[in-house]
Structures are given as C-alpha cells and as structure tokens.
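Worksheet for the structure shown next.
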C-alpha cells in the first residue's frame with residue numbers, strides 16, 4: 001500500500017540531517033546508510049548514497065537501487081563433468097537421445 005500524499009515522503013531523520021548538512025557545506029562525499037525504506041527527495045540529487053542519485057530516482061525508495069543478492073557464478077562442477085565424458089556416451093556431449101514418440105524400425109528378416 002502506498003503512503004498517503006498528505007503525510008509526504010518518508011526519510012529517516014539522521015539521513016535528512018546528513019544531506020542538509022552536506023548541501024549547506026557544498027560537500028560531495030559517499031554516504032553509507034542501511035536505510036532502504038527512505039524515499040529519495042530532490043535535495044539528494046547529485047549525492048552518492050552507495051549509488052549516484054539522479055533526477056529519475058526521485059520518489060523511489062533507496063532499497064530499489066541496492067543489490068540484495070550477490071551472484072557468485074554458475075557451478076563449474078556440472079559443466080566439467082559433462083565435458084569430461086566421451087562423445088556419444090549418454091549424458092556426454094554429442095550424445096544421441098532417443099525421442100519418446102519415435103521407435104527404431106524392426107530389422108527385416
């Protein structure tokens with residue numbers, strides 16, 4: 001459910017104070033915060049809060065732009081097992097897999 005417009009956007013107090021302080025001092029430094037629930041406001045544009053804030057991000061939550069999962073790569077074990085089998089062996093590269101609907105013709109006598 002969306003937040004009421006009469007309440008205005010939510011931003012954590014400590015984060016708002018840090019942004020206002022940096023704007024008054026004309027500072028540009030990277031802010032680290034765990035406040036994924038805070039809404040991006042126009043005063044944040046141009047600052048770096050783990051990601052560079054642009055005008056298109058205003059109104060969205062900070063959590064939308066943070067990575068929550070870390071990709072560690074595909075398993076190399078399965079790929080090397082398949083490649084290590086000789087060609088033509090079931091499960092190996094270039095193996096012939098029988099179709100479910102087709103049957104081999106019976107040899108003629």
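Coordinate-derived values only; no laboratory data. The model shown is predicted, which means the values in this text are computed figures rather than measured ones. Backbone-built Cβ (ideal geometry, glycine too); neighbour counts: all protein chains shown.
Taking the Cα-to-Cβ direction at residue 50 and at residue 28 and moving 7 Å from each Cα, how far apart do the two end points lie in nm?
Here the answer is 2.2 nm between the modelled labels.
When N is the residue count of region 28-68, what does its C-alpha Rg come to as a fraction of 2.2 N^0.38 Å? Let's see the in-between values first.
Details: Rg = 9.2 Å, N = 41, 2.2 N^0.38 = 9.0 Å.
Ratio of Rg to 2.2 N^0.38 Å for region 28-68: 1.02.
Using a simple spin-label model with points 7 Å from Cα along the Cα→Cβ vector, what separation in nm is obtained for residue 10 and residue 68?
Modelled inter-label distance: 1.5 nm.
What FRET efficiency do you get for residue 36 and residue 76 if R0 is 35 Å and r is their Cβ-Cβ distance, rounded to the nearest 0.05?
Numbers: r = 33 Å, r/R0 = 0.94.
For residue 36 and residue 76, the calculated efficiency is 0.60.
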